[in-house]
Amino acid sequence: VARLAQVSQSAVSRSFTPGASVAKDTRAKVMAAAKALGYRPNALARSLITRRSRIIALVMSYLQNQFYPLVIEELSQKLQKQGYHVLMFISEIEEADGVLAEILQYQVDGIVMASTTLSLDMARSCRDASVPIVLFNRVPDMSERARRSTSSVTSDNYHGGRMVAELLLVRGHQKIAFLAGLENSSTNIDRERGFNERLQESGVTVHSRAVGHYNFEGAKEAARALLSGADRPDAVFVANDHMAIAAMDVWRLELGLRIPQDLGVVGFDDVPQAAWGAYQLTTIVQSVEAMVNATIELLQEQMQSQVQPRNVVVPCRLVERATVRAATRS
């Protein structure tokens, strides 16, 4: 190809490397020569020379939650534009050590773990193999050693929980319940902590609580439990939109409640379905684009140099739709 195009071999290599610096006319010559010769780059052969596979592993524990398909699409597209490919693995358990051991066999350049966690021992194994890990929408174990081993990107879940409590208090709710996700997940812990602390500052305690485990059927059972007694809550903060949609179906279709007249509901994530006419869910917005950008930046930092892992917190915001009482006009 280099001989036919009358350029150097390094110019050919740069022409086939996404993002590499090469003049337009040089690239055009190389591509024309490659087409004439029927040449295609061999990514496997290149990886043996460069010791870089340009593959990023993405690990997820479940895809039920409508938030994560958005993440997969955004992350994949942005990595592909930078010349990387995404290899996806599904882990059936919250701790993904088993699948990570398999991933390391593929010589991946980096790992993104969404909706799942890993042990300190596995984090150390990946570090020793010079494979950076970024936890997406999770933080490492609270121990200082774990935080030093793994980077993470999350929304500001704590302040998101505070925003929900503030909204419900301002709209006059006093019997406020919480529908939790996974008890041990950092997202649930931080959202609930912010929510509870803001309520307590106003002298209000959580009326009732149930656990939906971040899945649809679990959320339905929790929704029934919260409204089963005579002393019912007048508002519920649901730890994510996926569960909020399931819960709203139960409260409206099974129990005949009006939302927001009989029950206020607030979710978390702002998945596309939250804005559908049937739900119009008031929720906390997690910026998928900002979180993905931060994730890729962390990966690039650690793939290119020996920087220390760090934890990035992305601001979130409240979007108000039709599932909470409107503000009263003075």
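The values are calculated or read from the model by the stated rules, or taken from the named source; none is laboratory data. Note that this is a predicted model, so its numbers are computed, not measured. Counting neighbours? That spans all protein chains shown, and the Cβs are built from the backbone with ideal geometry, glycine included. Remember, those area values only see protein heavy atoms, side chains included, never the ligands or the DNA or RNA. Shrake-Rupley method; radii C 1.70, N 1.55, O 1.52, S 1.80 Å.
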*Taking segment 217-243, which residues are touching a strand residue (DSSP E or B) at 6+ places or on another chain (Cβ under 7 Å) and not in a helix (DSSP H, G or I)?*
P233, D234, A235, V236, F237, V238, A239, N240
*Has segment 275-287 got any residue that is in a loop (DSSP other than H, G, I, E, B), surrounded by 20 or more Cβ atoms within 10 Å (Cβ to Cβ) and hydroxyl-bearing (S, T, Y)?*
yes
_So if I check each of V22, V30, which one is assigned to a loop (DSSP other than H, G, I, E, B) and touching a helix residue (DSSP H, G or I) at 6+ places or on another chain (Cβ under 9 Å)?_
V22
*Mind telling me which of the residues A219, A225, A180, A210 ends up being modelled with pLDDT of 95 or more, in contact with a Lys or Arg (Cβ under 7 Å, 6 or more places away or on another chain) and under 22 Å from N65 (Cα atoms)?*
A180
*Of the numbered conditions (1) within 20 Å of L63 (Cβ to Cβ); (2) in contact (Cβ under 8 Å) with a residue 60 or more places away in the chain; (3) of a type outside the set (G, A, S); (4) in contact with a helix residue (DSSP H, G or I) (Cβ under 6 Å, 6 or more places away or on another chain), K220 fails exactly one; give the number of that condition.*
(2)
*Within segment 13-29, which residues are over 16 Å from G83 (Cβ atoms) and open to solvent by less than 80 Å² (accessible area, probe 1.4 Å)?*
A23, T26, A28
*asked:* Only one of A246, A290 is assigned to a helix (DSSP H, G or I) and surrounded by 19 or more Cβ atoms within 10 Å (Cβ to Cβ). Can you tell me which?
replied: A246
*Would you confirm whether any residue within segment 27-41 is closer than 28 Å to A294 by Cα and at pLDDT below 90?*
no
*Look at R162 and say whether it is open to solvent by less than 10 Å² (accessible area, probe 1.4 Å), within 24 Å of N65 (Cα to Cα) and among the charged types (D, E, K, R).*
no
*Sort out for me the helices (runs of 4 or more DSSP H) sitting completely within segment 119-213 that have 1 or more residues that are within 19 Å of T283 (Cβ to Cβ).*
157-170, 186-201
